[in-house]
Structure formats: C-alpha cells, structure tokens
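Engineer: First the structure, which I've put down as structure tokens, then a few questions once you've had a look.
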Amino acid sequence: MRIVIVGHGQMGRAVAQAATARGHAIHTVVDIDGNQGGRALTPERLGGADVAVEFTSPMAAPGNIERLIEAGIPTVTGTTGWTGELPKVRKLVEQRNGALLYASNFSIGVHLFFKTAQAMARRFGAHAEFDAFIVEEHHARKVDAPSGTALTLQGLVLEADPSRAFPITSIRAGAIPGIHALTYDGPHETITLSHTARSRQGFAAGAVAAAEWLPGHRGVFRFEDMLFGENG
C-alpha cells in the first residue's frame, strides 16, 4: 500500500516506521508547517495514495480529514479531542461514499481493557459503598486532557453503570506514553484495573492494521469495528 502520513510528530514517525516494516510505501508525509486548514492536502500531492493515517491536533484534524475524504482517500485518524465535529465529518463521508476509521487509542490491549472495564462496572453497580474514579497519565507534551482514551473509558463504564459519575483525573508529566486506571475504593479495600503503554509501537502497529483494513470499506468506523466486528 501507498500510505500518506499526516502529522510528523512522535506518532506519525512511529506509524511510518511500522508501515515500512510491514512492506508498505510512504507516499508522502505532510507536517503541520504549511498545512493550515489542510491546504497542503492537494489532489496532486495525494494522487496515487491508497490510504492516509492522520495524527495531528484537535484543531487541525477536522480540516485534514475533510480534505482527505474530498480527495477520495480512505482515512485513519488517531487524533483525539475533535469528535465534536464528527456529525459534520460523517455527513461528508456519506456524501462522498468515503471511508473513515477513528479511534482514541489503537492499542489492541486497550480495547480488551475497555471490555473488561465495562464488565467490572456492571458487577459493581449494586455496590454503592465503593467510590469509582479514573486516573490517566501522559507525557508533558500531550495537548488534550482528559485523554480521548479516558473519555472513551468513562463513556463505556457510565453506560454499564449510570449510577456513578466516574470522574477523571489527568496527569501530564515527563515522557509517559500512557497509563489509564479504573479504581473502585471501598471502606476496607481497593480494586484497580489498569492499562500501561510501554511504548508507542503498540499504537502504531494498530494504526497500520487499521490502514490495511479500511480500503474497500465505506462509511465511518471505529477501531473496535475492525477488531470485534461491531458496528455502531
């Protein structure tokens, strides 16, 4: 496959490395400079590409995605903090008969963690003596807080147990790739379910797997649609 990389930060570079290791070609790399509003994503530059992988910023992502979809490029995005624009983007994808896959996290382990957290929340629903909360930690350069992964986790456990608020505490420090923990604390005991990312390679491998899967599909998908065959 010929892959467009949009965003050449740490994740963009990790995705390029993982894609090359899988035998794919990097068609072009579009960095932030000169791409305000997605203006560097021209048909001429994108011509011949099979798929795009986008990791930028919450402000840049909607414009980038729209330009890629308009150019007919199936797009995988791991940018978080932009999904307030999702209804508009979804409408464009439908109008253009395009393909978009988005995720707050491309780790397979995280998505298994989500499913386990939902089951845990259902079990604790009848035990009001436990307080429940989420703590997430990331590197100092991460812009959005809470993380998209933490917000996804919160939404899933709220769905399983609407009786609790599941407040989120965010920590931004050092070079932490990502830690997410769901904790239930009672009068006499504490139970914690956590996921720790040791490097970005797991995220990059998942993003490349999504890029391999998306061409040939039409519509808006989440990573779990690919992993578990769930739609919606």
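Engineer: Rounding to the nearest 10 and keeping the result within 0 to 90°, find how far the Cα-based axis of helix 108-124 lies from the longest principal axis of the chain.
Structural biologist: Compared with the principal axis, the helix lies near 30 degrees.
Engineer: Using the charge dipole of the chain (Lys, Arg: +1 at Cβ; Asp, Glu: -1 at Cβ; taken about the Cα centre), state which of Gly219, Gly174, Ile5 has its Cα farthest towards the positive end.
Structural biologist: Of the options given, the answer is Ile5.
Engineer: Can you give the Rg and Dmax of the chain based on its C-alpha atoms, in angstrom?
Structural biologist: When restricted to the Cα atoms of the chain, Rg and Dmax are 18.4, 64 Å.
Engineer: In degrees from 0 to 90, rounded to the nearest 10, what is the angle of the helix 10-21 Cα long axis to the longest principal axis of the chain?
Structural biologist: The angle comes out at about 70 degrees.
Engineer: Kindly rank 202-210, 151-159 from highest to lowest mean number of other beta carbons found within 10 Å of each residue. Could you put the intermediate results ahead of the total?
Structural biologist: Working: 202-210: 23.7, 151-159: 18.4.
Highest to lowest by the protection proxy: 202-210, 151-159.
Engineer: Quick one: grab Rg to one decimal and Dmax as a whole number for region 130-232, Cα atoms only, in Å.
Structural biologist: For region 130-232, the Cα radius of gyration and maximum Cα-Cα distance read 16.0, 53 Å.
Engineer: Okay, moving on. Can you give me the distance in nm between label points at Lys115 and Ile176, each placed 7 Å from the Cα along the Cα-to-Cβ direction?
Structural biologist: Computed distance between label sites Lys115 and Ile176 equals 2.7 nm.
Engineer: Put Asp33, Asp131, Asp144, Asp161 in order of accessible area, largest first, 1.4 Å probe: what do you get?
Structural biologist: My answer, sorted largest first, is Asp33, Asp131, Asp144, Asp161.
Engineer: Accessible area of the chain with a 1.4 Å probe: how many percent of it is carbon plus sulfur?
Structural biologist: Reported share for carbon and sulfur atoms: 52 percent.
Engineer: Mind checking the angle between helix 201-213 and the chain's longest principal axis? C-alpha axes, 0 to 90 degrees, to the nearest 10.
Structural biologist: The answer is roughly 60 degrees.
Engineer: Give me the 1.4 Å probe accessible area per residue for the chain, excluding ligands and nucleic acids, in Å². Kindly include the intermediate steps, with their values, before the conclusion.
Structural biologist: Values: 10980 Å² over 232 residues.
Dividing the accessible area of the chain by its residue count gives 47 Å².
Engineer: Ile26's amide H: which non-local residues (gap 5+, or another chain) put their own amide H closer than 5 Å, with H modeled 1.01 Å from N in plane and none for Pro or chain starts?
Structural biologist: Here Ile3 satisfy the definition.
Engineer: Additional query: Calculate log10 I(q)/I(0) of region 34-84 for q = 0.28 Å⁻¹, where I(q) comes from the Debye formula with a single equal point scatterer on each Cα and nothing for solvent.
Structural biologist: With no solvent term, the Cα-only Debye profile gives -1.14.
Engineer: Still on this structure, please answer the following. Taking region 145-232, which trypsin sites (Lys or Arg not before Pro) meet the DSSP loop condition and have no more than 15 other C-beta atoms within 10 Å?
Structural biologist: Details: sites: Arg164, Arg172, Arg198, Arg200, Arg218, Arg222; in loops: Arg164, Arg198, Arg200, Arg218.
Taking region 145-232 and a limit of 15 other Cβ atoms within 10 Å, the loop trypsin sites (Lys or Arg not before Pro) found are Arg198, Arg218.
Engineer: Related question: Using 1/(1 + (r/R0)^6) with R0 = 25 angstrom and r between the beta carbons of Leu193 and Leu86, what's the FRET efficiency to the nearest 0.05?
Structural biologist: Plugging the Cβ-Cβ distance into 1/(1 + (r/R0)^6) gives 0.35.
Engineer: If each of Asp33 and Ser57 carries a label point 7 Å out from its Cα toward its Cβ, how far apart are those two points in nm?
Structural biologist: Inter-label distance under the simple model: 1.5 nm.
Engineer: Largest first, how would Ile171, Ile179, Ile108, Ile5 line up by accessible area (1.4 Å probe)?
Structural biologist: Ile108, Ile171, Ile179, Ile5
Engineer: Right, another one. To the nearest 20 debye, what is the magnitude of the charge dipole of region 67-155 about its Cα centre, counting +1 on the Cβ of each Lys and Arg and -1 on the Cβ of each Asp and Glu?
Structural biologist: Result for region 67-155 is approximately 340 debye, rounded to the nearest 20.
Engineer: Placing unit charges on C-beta atoms (Lys and Arg positive, Asp and Glu negative, everything else neutral), compute the dipole magnitude of the chain about its Cα centre in debye, rounded to 20.
Structural biologist: It works out to roughly 500 debye.
Engineer: Also, I was wondering about something else. What do you get for GluC sites (Glu not before Pro) in region 162-232 restricted to DSSP loop and a cutoff of at most 15 other Cβ within 10 Å of the site's Cβ?
Structural biologist: Glu189, Glu230
The values are calculated or read from the model by the stated rules, or taken from the named source; none is laboratory data. Quantities reported herein were computed from a predicted structural model and do not represent experimental measurements. Positions of Cβ are backbone-derived with ideal geometry, glycine not excepted, and every protein chain shown enters the neighbour counts. Accessible surface areas use protein heavy atoms only, side chains included; no ligands, DNA or RNA. Shrake-Rupley method; radii C 1.70, N 1.55, O 1.52, S 1.80 Å.
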